[in-house]
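Visitor: Attaching a single structure in structure tokens format; questions to follow.
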Amino acid sequence: MDITIIGAGPRGLMTLGRLIAWQTQQTNEPLAVTVVDAYPIGGHVWRTDQPNELIMNTPAQQITLYADDSVKMAGENTVTGPNLSEWSDRAETAAYIRQQHYPQEAFFLAQTAALQPNDYAPRNLYGVYMQWVFDDMMHQLPANMTVSFIQATVDNVTPKNPGYTVTTSEQSWTADQVALTIGHYVMRPTEEEQKFSATAAANGGFYLPPILPGDTDLSAVAAHQPVLMRGVGLSFYDYVSMLTEGRGGVFNRQADGHLTYEPSGQEPHIIAGSRRGFPYYPKGYNKSIRRTN
């Protein structure tokens, strides 16, 4: 068979892992898998070049792309590997990061050296982990399976009966099956958002529609300028991080556990509002054992 996986993020890589596990149990029929994504392995949300201050919302020891004994599913589990916390603690991880020549190499090395099981890792570091997982899976391929990666945007998937034709701007190919494993994507602006944008433009203002925070250019937001944030969910914390730590401010943890903030003077005046009135409750502290370096 020829199978195309559209999306190289967590869902796409986990799908690939299960295909490898199933194919390992086969002895005759060959399998060719094509993974395609507009972004490098890891996909859009977890790309390695996003701001360092954007973090994940799950403890590192609870993040993995491998199935373990806690997962009940059909077929044997032959594709195994470390979770994010275990991977960061491996001696060979630093060497892998250096081999990739990331612009943020020093940051990634420092993060993996300090990351504890209950810490919340930077999102770009998870992107590095996913690229390592893909390389690791390539070393676990059975002899009767091939995998190729194409960095491109899929423009169309056309049923053929049987199979499908997958088309990008540069090429097309046939597949017996297609797995659509896309995650977050950019929506068209609603009528209300279009009005906000038009009002801002007419009055010399700046309006940012709901998009992935890591994609935003906040250079138009000047120091001390009033900024209204609509909503206090996950993206609210991302923007606060980018407009504080991202502008040179520093949060310091005090002996009593409280945070204090040292401003850089480049922050805007943030005014946040929500229909709920309060931020959502945070996750409870995970009391699992911590690693000490």
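The values are calculated or read from the model by the stated rules, or taken from the named source; none is laboratory data. This structure is a prediction, so every number in the text was calculated from the model and none was measured. Every residue, glycine as well, gets a Cβ built from its backbone with ideal geometry; the counts of neighbours run over all protein chains shown. To get the accessible areas, we keep the full protein, side chains included, count just its heavy atoms, and leave off ligands, DNA and RNA. Shrake-Rupley method; radii C 1.70, N 1.55, O 1.52, S 1.80 Å.
Visitor: Would you point out which residue out of PHE134, PHE149 is closer than 25 Å to LEU16 by Cβ, modelled with pLDDT of 95 or more, touching a strand residue (DSSP E or B) at 6+ places or on another chain (Cβ under 9 Å) and not in a strand (DSSP E or B)? Steps first, answer last, please.
Guide: Working: PHE149 fails: not in a strand (DSSP E or B).
None of the other options fit; the residue is PHE134.
Visitor: Only one of HIS224, HIS184 is in contact with a strand residue (DSSP E or B) (Cβ under 8 Å, 6 or more places away or on another chain), open to solvent by 90 Å² or more (accessible area, probe 1.4 Å) and either among the polar types (S, T, N, Q) or not in a helix (DSSP H, G or I) (or both). Can you tell me which?
Guide: Numbers: HIS184 fails: in contact with a strand residue (DSSP E or B) (Cβ under 8 Å, 6 or more places away or on another chain).
Checking each option against the conditions leaves just HIS224.
Visitor: Out of curiosity, is TYR239 under 28 Å from ARG47 (Cα atoms) and either touching a residue at least 60 places away in the same chain (Cβ under 8 Å) or not in a loop (DSSP other than H, G, I, E, B) (or both)? Walk me through how you get there before you give the answer.
Guide: Working: under 28 Å from ARG47 (Cα atoms): yes; either touching a residue at least 60 places away in the same chain (Cβ under 8 Å) or not in a loop (DSSP other than H, G, I, E, B) (or both): yes.
In short, yes.
Visitor: Being over 22 Å from GLY42 (Cα atoms) and either touching a His at 6+ places or on another chain (Cβ under 8 Å) or outside any loop (DSSP other than H, G, I, E, B) (or both) is the filter here, so list the residues in segment 158-176 that pass it.
Guide: Listed by number, the residues that qualify are THR158, PRO159, TYR164, THR165, SER172, TRP173, THR174, ALA175.
Visitor: Select from segment 77-89 the residues that are within 21 Å of the chain's Cα centre (by Cα) and free of Cβ contacts under 8 Å to residues at least 60 places away in the same chain and write down the one among them that is most open to solvent (accessible area, probe 1.4 Å).
Guide: Going residue by residue through segment 77-89, those that are within 21 Å of the chain's Cα centre (by Cα) are 80-89.
When the remaining residues are screened for being free of Cβ contacts under 8 Å to residues at least 60 places away in the same chain, the result is 80-84, 86-88.
On the way: THR80: 77, GLY81: 34, PRO82: 5, ASN83: 24, LEU84: 0, GLU86: 101, TRP87: 0, SER88: 10 Å².
The selected residue is GLU86.
Visitor: Residues in segment 147-155: is at least one in contact (Cβ under 8 Å) with a residue 60 or more places away in the chain and either among the hydroxyl-bearing types (Ser, Thr, Tyr) or closer than 30 Å to LYS283 by Cβ (or both)? Outline the logic, then answer.
Guide: So in segment 147-155, the residues in contact (Cβ under 8 Å) with a residue 60 or more places away in the chain come out as 147-154.
So of that shortlist, the ones also either among the hydroxyl-bearing types (Ser, Thr, Tyr) or closer than 30 Å to LYS283 by Cβ (or both) come out as 148, 153.
Scanning segment 147-155 turns up at least one residue that is in contact (Cβ under 8 Å) with a residue 60 or more places away in the chain and either among the hydroxyl-bearing types (Ser, Thr, Tyr) or closer than 30 Å to LYS283 by Cβ (or both).
Visitor: Being on the phi < 0 side of the Ramachandran plot, outside any strand (DSSP E or B), loosely packed, with under 13 Cβ neighbours inside 10 Å and at pLDDT 95 or above: is that true of ALA113 here? First the steps, then the outcome.
Guide: Details: on the phi < 0 side of the Ramachandran plot: yes; outside any strand (DSSP E or B): yes; loosely packed, with under 13 Cβ neighbours inside 10 Å: yes; at pLDDT 95 or above: yes.
Criteria met by ALA113.
Visitor: Pairs please, first residue from segment 243-270 and in contact (Cβ under 8 Å) with a residue 40 or more places away in the chain, second anywhere and open to solvent by 60 Å² or more (accessible area, probe 1.4 Å) and part of a loop (DSSP other than H, G, I, E, B), Cβ atoms under 7 Å, 6+ apart in sequence or on different chains.
Guide: Note: pairs meeting the criteria are PRO268/HIS224; PRO268/GLN225; HIS269/HIS224; HIS269/GLN225.
A quick yes/no check of all residues on (1) crowded, with 17+ Cβ neighbours inside 10 Å; (2) touching a residue at least 12 places away in the same chain (Cβ under 8 Å); (3) at negative phi:
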| residue | (1), (2), (3) |
| --- | --- |
| GLY12 | yes, yes, yes |
| ILE20 | yes, yes, yes |
| GLN25 | no, yes, yes |
| VAL33 | yes, yes, yes |
| GLY42 | yes, yes, no |
| GLN61 | yes, yes, yes |
| GLY75 | no, yes, no |
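Residues are listed down the side, and each one gets a yes or a no for (1) farther than 20 Å from ALA121 by Cβ; (2) among the aliphatic types (A, V, I, L, M):
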| site | (1), (2) |
| --- | --- |
| MET1 | yes, yes |
| TRP22 | yes, no |
| ARG47 | no, no |
| MET56 | no, yes |
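Visitor: For segment 24-45, name all the residues that are over 30 Å from ILE211 (Cα atoms) and not in a loop (DSSP other than H, G, I, E, B).
Guide: THR24, LEU31, ALA32, VAL33
Visitor: So which residues in segment 248-293 are in contact with a Leu (Cβ under 9 Å, 6 or more places away or on another chain) and open to solvent by less than 70 Å² (accessible area, probe 1.4 Å)?
Guide: GLY249, ASN252, GLU267, PRO268, ILE270, ALA272, GLY273, ARG291
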